[in-house]
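Asks: Pasting a structure here, questions to come.
Read-outs throughout are calculated quantities, based only on the coordinates presented, and are distinct from any laboratory measurement. Please read these numbers as outputs of a predicted model, since none were measured by experiment. We place every Cβ from the backbone using ideal geometry, glycine too, and count neighbours over all the protein chains shown.
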Amino acid sequence: MIKIRKYVEADAQALWDIHFYTIRNINIRDYSQSQVEAWAPDCPDLFIWKNRMRGLSPFVAEIDSVIVGYTDLQPSGLIDHFFCHHEYQGQGVGKALINHVFRIGSLRGVKRFYSEVSITARPFYEHFGFKVIQAQEVEVRGQILKNFVMEKYS
């Protein structure tokens with residue numbers, strides 16, 4: 001069973017690992033080696049990462065006490081991070097997380113959910129009713145990555 005809970009600072013390393021290994025093992029299907037290395041560098045600054053996670057206040061998904069994914073929902077409706085562990089994809093983790101986001105959003109009065117979505121994640125978001133607003137290119141550590149601004153109204 002997938003349990004979703006609030007982030008605690010002790011989760012920071014596990015969330016970095018999910019971020020890193022998902023990008024390096026899953027997003028590599030749609031992005032070059034140089035692009036994924038820029039997006040998920042070998043030597044992160046964990047102080048910066050911990051501050052980032054504290055600011056996002058993510059929701060953490062667990063299966064049998066193993067952290068298997070995380071996401072967030074900002075007051076504006078922005079979903080800034082959404083990552084499922086590369087070894088747990090296709091097991092309902094993403095579905096549980098996005099449904100949690102929708103429930104929390106409903107409680108908070110969010111009318112519009114939106115995110116900047118990778119090529120890889122676009123079909124997932126479309127499955128849950130998001131529409132592409134625009135394609136864009138973003139620079140990450142000197143690499144240009146294509147992604148999509150997507151939104152869904154509740």
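Asks: Hey, which lysines would be in cross-link range of Lys3, C-alpha to C-alpha under 17 Å, not counting anything within fewer than 8 residues on its own chain?
Replies: Within reach: Lys95.
Asks: Please compute, for the alpha-carbon atoms of the chain, the extent along each of the three principal axes and give them in descending order in Å.
Replies: That gives 40, 36, 29 Å along the principal axes, largest extent first.
Asks: Looking at region 81-127, which trypsin sites (Lys or Arg not before Pro) are in a loop (DSSP not H, G, I, E or B) and have at most 16 other Cβ atoms within 10 Å?
Replies: Lys111
Asks: Now for a separate question. Among the DSSP beta bridges whose two residues both lie in the chain, what percent are antiparallel, rounded to the nearest 5?
Replies: Once the DSSP bridges in the chain are tallied, antiparallel ones form about 95 percent.
Asks: Can you tell me the FRET efficiency between Asn99 and Glu139 if r is taken as the Cβ-Cβ distance and R0 is 30 Å, rounded to the nearest 0.05?
Replies: 0.35
Asks: If we count every other residue with Cβ under 12 angstrom of Asp11's Cβ, Lys/Arg +1 and Asp/Glu -1, where does the sum land?
Replies: Working: positive: Arg5, Lys6, Lys50, Arg54; negative: Glu9, Asp17, Glu62.
Summing Lys and Arg as +1 and Asp and Glu as -1 gives +1.
Asks: Equivalent-ellipsoid semi-axes (√(5λ), Cα gyration tensor) for region 1-71, whole Å, largest first?
Replies: Ellipsoid half-lengths, sorted descending, are 22, 16, 9 Å.
Asks: Please list, or write none, the aspartates and glutamates whose alpha carbon is within less than 18 Å of the alpha carbon of Lys111, excluding same-chain residues fewer than 8 places away.
Replies: Asp72, Asp80, Glu126, Glu151
Asks: Taking a virtual spin label 7 Å from the Cα of Gln74 along the C-beta vector, which residues in region 91-124 bring their backbone nitrogen under 12 Å of it?
Replies: In region 91-124, the label zone of Gln74 (backbone N under 12 Å from the point 7 Å along Cα→Cβ) covers 114-116.
Asks: Count the net charge of all other residues whose Cβ sits under 9 Å from the Cβ of Arg112, scoring Lys and Arg as +1 and Asp and Glu as -1.
Replies: +1
Asks: Have a look at Ala121, Val138, Ile104 and report the one farthest towards the positive end of the charge dipole of region 98-147, computed about the Cα centre with Cβ charges (Lys/Arg +1, Asp/Glu -1).
Replies: With unit charges placed on the Cβ atoms, the residue in question is Ile104.
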